[in-house]
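**Student:** Handing you this structure, nothing more for now.
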Ligand SMILES: [Zn+2]
C-alpha cells in the first residue's frame, strides 16, 4: 500500500482522549471524476452513518475499523464536496463534515462509425431500449448490506490482473453525433474467455439487451453494482448469490460491438466509476 497516497485526517478534538480518537482515512486522498473512494473509520465502536452527493454510505466492520466504498460519477463537476459522517462517541452522536476535493480528469475522445442497424433506430427498437433502461435504472437505488470483502479481482482472471480496459469515460461521437460517455471499460478477449465475479454479490439482472447484448448485473451491496456486457454465455440467474472468483459467463460479441470483448462497468448508486480503479482499491481483508 502506498502510504503517501493515504491521507489520514484526524478529527480528534481537544477534549477527547487519544484512545477514543475518531480517525478517518480516505483513499485516494485527492480523488478525481470517476474514482471509487475507500473510507476507513476507526476509534468508534458502533457503525457510522455517512452521506455524500445526497446518497447514503454503508459501512462494514473490518477488525477495529469500519470501511465503506463510494463512487464519484465520471461527469461530477470538480470542486469541494461535503462528506458527512455521524459517529457515536462516548454515547453521543456527533456529526462530522469533511471537505472532499474532487479533481478533474481528462477523458479521451472516441469517434465511432456504426452500422445503421444501431444508429437509425426504429420505433420498436426505441420502445425496447426504453423498457430495458427502466429495468436497469431501478438498480441504481439499491443500497443493500455490504457483501464485498477484500480486494476486487479482475473479471477476466489472473492473466488480466493489471491490464487496463479501454476508453473508460471516453466522450463519444458516433456517426458524427456526440453521445453519452462510455460508462465502463472494454477488455478485448477471445470469445469464450471465462468471466468471473470480482467479489461476492447477488445477481440482480440478466438479459439480452439491445446495445449491451447478453448482460449480467451483480449487486455487491452498499450501492455498488458491477455489470458485464456482450457475453456469449450467461451462467447465472437473477437472485443467485455469487462468490468472488465464481465463473458467471463467457466473453462474446453480442449487442452493439465491433468485435469480441468484455465491457465491465461499475456504478455506485447510479454514479459511473472507473472499474480499473475499483480493482486497484486497497480494500483490507480477504
Ligand atoms: Zn464498452
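The values are calculated or read from the model by the stated rules, or taken from the named source; none is laboratory data. Everything numeric in this text was worked out from a predicted model, so none of it was measured. Please note: Cβ atoms are built from the backbone with ideal geometry, for glycine as well, and neighbour counts cover all protein chains shown.
**Student:** Going by what's in this entry, would residue 225 be described as touching a residue at least 60 places away in the same chain (Cβ under 8 Å), touching a strand residue (DSSP E or B) at 6+ places or on another chain (Cβ under 8 Å), within 15 Å of the ligand (Cβ to nearest atom) and within 27 Å of residue 35 (Cβ to Cβ)?
**Tutor:** Against the criterion (touching a residue at least 60 places away in the same chain (Cβ under 8 Å), touching a strand residue (DSSP E or B) at 6+ places or on another chain (Cβ under 8 Å), within 15 Å of the ligand (Cβ to nearest atom) and within 27 Å of residue 35 (Cβ to Cβ)), residue 225 does not qualify.
**Student:** Strands (runs of 3 or more DSSP E) wholly in region 158-205 with at least 1 residues that are within 11 Å of the ligand (Cβ to nearest atom) - which ones? Lay out the reasoning, then the answer.
**Tutor:** On the way: elements: 171-174, 185-188, 194-196.
Here the list reads 171-174, 185-188.
**Student:** Okay, moving on. If only one of 152, 160 is buried (at least 16 other Cβ atoms within 10 Å of the Cβ) and either more than 17 Å from the chain's Cα centre (by Cα) or at pLDDT below 90 (or both), which one is it?
**Tutor:** Working: 152 fails: either more than 17 Å from the chain's Cα centre (by Cα) or at pLDDT below 90 (or both).
Residue meeting the stated conditions: 160.
**Student:** Enumerate the strands (runs of 3 or more DSSP E) found wholly within region 55-111, keeping only those where 3 or more residues are crowded, with 17+ Cβ neighbours inside 10 Å. Talk me through it step by step, then tell me what you get.
**Tutor:** Values: elements: 55-57, 60-62, 65-71, 79-89, 92-102.
Correct list: 65-71, 79-89, 92-102.
**Student:** On to the next question. Inspect all residues belonging to region 208-226 and state whether any of them is within 19 Å of residue 112 (Cβ to Cβ) and in a strand (DSSP E or B). Outline the logic, then answer.
**Tutor:** So in region 208-226, the residues within 19 Å of residue 112 (Cβ to Cβ) come out as 209-213.
Next, from what is left, pick out any that are in a strand (DSSP E or B): 209, 213.
Taking every residue of region 208-226 in turn, at least one turns out to be within 19 Å of residue 112 (Cβ to Cβ) and in a strand (DSSP E or B).
**Student:** Mind checking which strands (runs of 3 or more DSSP E) fall wholly inside region 244-286 and carry at least 3 residues that are out of contact with any helix residue (DSSP H, G or I) (no Cβ under 7 Å at 6 or more places or on another chain), at pLDDT 95 or above and within 13 Å of the ligand (Cβ to nearest atom)?
**Tutor:** Details: elements: 247-250, 261-268, 271-273.
Correct list: 261-268.
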